[in-house]
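A short reminder: the numbers here are calculations on the coordinates, not readings from a lab. This structure is a prediction, so every number in the text was calculated from the model and none was measured. Backbone-built Cβ (ideal geometry, glycine too); neighbour counts: all protein chains shown.
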Amino acid sequence: MKDASLRSKSQLRTDFQSWCRLWNELGCDSPSKNLYHQLCNAYSDSARHYHTLMHLEECMTYLSDVRLLCRSPAEVGVALWFHDAVYDPRQTNNEEQSAQWAEQVAQEYEIGKLVSQRIRDLILTTKHQVQPTDNDAQILCDIDLAILGAPEERFAEYERQVREEYFWVSDVQFSTGRQHILETLLSRSSIYCTEHFGSLFEEKARTNLKHSLVRLGTA
């Protein structure tokens, strides 16, 4: 498993036992190990540099800190597992494909249509086009954006990883697109939806994004 070296295997929150616990909470007794490996392989694809198992592990670690704030931490956890399951930077419907996959699996596991739809809807909020109002969706989006408030060294690594995923885009095109994304985030009254993540990361995230714009030569 790519990125498994970031902590010992017994500590990984993306191991098979952790995967099973999420589905068990939703009422599925026997989650598929084949599906687990399919997802791990998807996140381990050689074309990925940021949207990897390391990103997923970071997300799951943040979720473990806020489980008590979630209406359904298992739904949020499953949504996190699938939110980047399909990832091709040349495409614009990755979230839709990931959500469709997750909903299909949830229905196959017979955990209920409403739960399946909620998981799908949670994944779609990670397009980050609007800030959600639903509690669990807010937590999910904040977890996904927590990297923006990372310490300087990790944030710089994240930016290099994202650039590597868009290796086929010219520097000018990448800078233009990146500028739009960063300025959109900075234009929000708050980057984060929840008080928990806002108190942890808002100030640092704004500093990181402003420095990034300077490096892009657009500020």
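Applying the condition of being crowded, with 17+ Cβ neighbours inside 10 Å and in a helix (DSSP H, G or I) to region 21-34 and asking which residue is nearest to the chain's Cα centre (by Cα) yields 22. Within region 125-159, the residues that satisfy the criterion of being surrounded by fewer than 16 Cβ atoms within 10 Å (Cβ to Cβ), in contact (Cβ under 8 Å) with a residue 24 or more places away in the chain and either in contact with a Pro (Cβ under 6 Å, 6 or more places away or on another chain) or charged (D, E, K, R) (or both) are 127, 152. For region 161-186, taking the residues that are without any contact (Cβ under 8 Å) to a residue 40 or more places away in the chain and among the charged types (D, E, K, R), the one that is farthest from residue 47 (Cα to Cα) is identified as 183.
So is residue 197 within 30 Å of residue 22 (Cβ to Cβ) and in contact with an Asp or Glu (Cβ under 8 Å, 6 or more places away or on another chain) or not? Spelling it out, residue 197 is indeed within 30 Å of residue 22 (Cβ to Cβ) and in contact with an Asp or Glu (Cβ under 8 Å, 6 or more places away or on another chain).
Please go through region 100-124 and pick out each residue that is touching a residue at least 24 places away in the same chain (Cβ under 8 Å) and loosely packed, with under 15 Cβ neighbours inside 10 Å.
Once the filter is applied, which keeps residues that are touching a residue at least 24 places away in the same chain (Cβ under 8 Å) and loosely packed, with under 15 Cβ neighbours inside 10 Å, region 100-124 yields 110, 112.
When region 42-72 is limited to residues that are of a type in the set (S, T, N, Q) and over 13 Å from residue 15 (Cα atoms), the one that is nearest to the chain's Cα centre (by Cα) turns out to be 52.
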